[in-house]
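The structure appears below as structure tokens.
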Amino acid sequence: QHQFMRNTVRSARAAVKFLTPNKASLTADNGDYSEVGFANALIAVGTRPHRPADVPFDGKRIFDSDEMLELHHLPRTLTVIGAGVIGVEYATIFSALDVPVTLVEPRNSILDFIDREIVDDFIHQMRDRGMTIRLGSPVKEIASKPDYAEVTLADGRTIRSEMVLYAAGRTGNIASLGLDAVGIEADARGRVKVDPQTFQTSVPNIYAAGDVIGFPSLASTSME
């Protein structure tokens, strides 16, 4: 807010919904409604953890990556599903805290945007720390039991641990924006499609940037 004030940027806390390519509605927390016109707009709403309906998130045994930040104690054992940037980051953090970690990834490789020689050495280091890594292992079912969480793999094997972190992707925060009404395209994960050179959406005067457009997402990666 201080930076906004210094740079004479007007701001408002409100839910936004596109009405036309040049007009949007603003609904404040107290219910106040207004409309604003614009020549150009930028969508930068970020993402939230992907939470499939068949994963029984409960905040006790089974968590998403945001909920892990609210843990009150370290788990005795942890299974991490999804070996993307976030899953690997959490897996290595808990492993460094001496928590036995099992990392499960349906694909046969991890971090595909990094040089394979570096990734191979990284996997070796993680295993050398005692981490169990199961690549090419699709998950069939996740269940929360009274004393543990159980992950069943497609090949029938099961993994039991005190907690499970489901970190298989993120979803764009676009549900309430009314993008369909103005013809802005997004994929099944809520990632807005843009021209990679101009960052224009399918509506030329509306742009999108940040996590909501997908890769490269993370600031440390996108700066490259």
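Read the figures in this text as sums done on the coordinates, not as results from a lab. Being a predicted model, the structure only gives us computed values, none of them experimental. All Cβ positions, glycine included, derive from the backbone under ideal geometry; neighbour counts span all protein chains shown.
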Exercise. For the chain, what percent of Cα pairs sit more than 32 Å apart?
Worked result: 33
Seminar exercise, completed: Simple spin-label estimate for Glu89/Asp195, 7 Å along Cα→Cβ, in nm, reads 3.1
Problem set entry | Estimated 222 nm signal from helices in the chain, with DSSP H stretches of n ≥ 4 weighted -39500 (n - 2.57), rounded to 500 | -4500 deg cm²/dmol
Exercise. Considering only Phe113, Thr77, Gln3, whose Cα is most displaced toward the positive end of the charge dipole of the chain, charges sitting on Cβ of Lys, Arg (+1) and Asp, Glu (-1)?
Worked result: Gln3
For this session: Tabulate in residue order the Karplus-calculated ³J(HN,Hα) for segment 111-126, using 6.51 cos²θ - 1.76 cosθ + 1.60 with θ = phi - 60°, rounded to whole Hz; enter x for Gly and Pro.
Result: 6, 5, 8, 10, 3, 4, 5, 5, 4, 4, 5, 5, 4, 4, 5, 5
For this session: Return the distance in nm (one decimal) between the two label points of a simple spin-label model at Leu135 and Glu70, each offset 7 Å from Cα along Cα→Cβ.
Result: 3.5
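Please work out how much length the chain gains when fully extended from Asp120 to Thr27, using 0.36 nm per residue of separation minus the C-alpha to C-alpha distance, in nm with one decimal.
Details: separation 93, 0.36 × 93 = 33.48 nm, distance 4.96 nm.
That works out to 28.5 nm of additional length.
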Seminar exercise, completed: If one compares the long axis through the Cα atoms of helix 85-96 with the longest principal axis of the Cα atoms of the chain, the angle in degrees, nearest 10, works out at 40
Exercise. What size of dipole, in debye to the nearest 20, comes out for the chain about its Cα centre when the only charges are +1 on Lys and Arg C-beta atoms and -1 on Asp and Glu C-beta atoms?
Worked result: 340
Exercise. Given labels modelled 7 Å from the Cα in the Cβ direction, how far is it in nm from Lys60 to Thr152?
Worked result: 2.1
Problem set entry | Order of Thr79, Thr92 under a 10 Å beta carbon neighbour criterion, fewest first | Thr92, Thr79
Exercise. Along the charge dipole of the chain, Cβ charges K/R +1 and D/E -1, which of Ile93, Gly46, Ile133 sits furthest on the positive end?
Worked result: Gly46
Exercise. What is the distance in Å between the Cα centres of segment 128-204 and segment 57-121?
Worked result: 13
Problem set entry | Magnitude of the charge dipole, segment 47-101, Cβ model with Lys/Arg +1 and Asp/Glu -1, debye to 20 | 100
Seminar exercise, completed: If every Lys and Arg gets +1 and every Asp and Glu gets -1 at its Cβ, then about the Cα centre segment 51-168 yields a dipole, in debye to the nearest 20, of 400
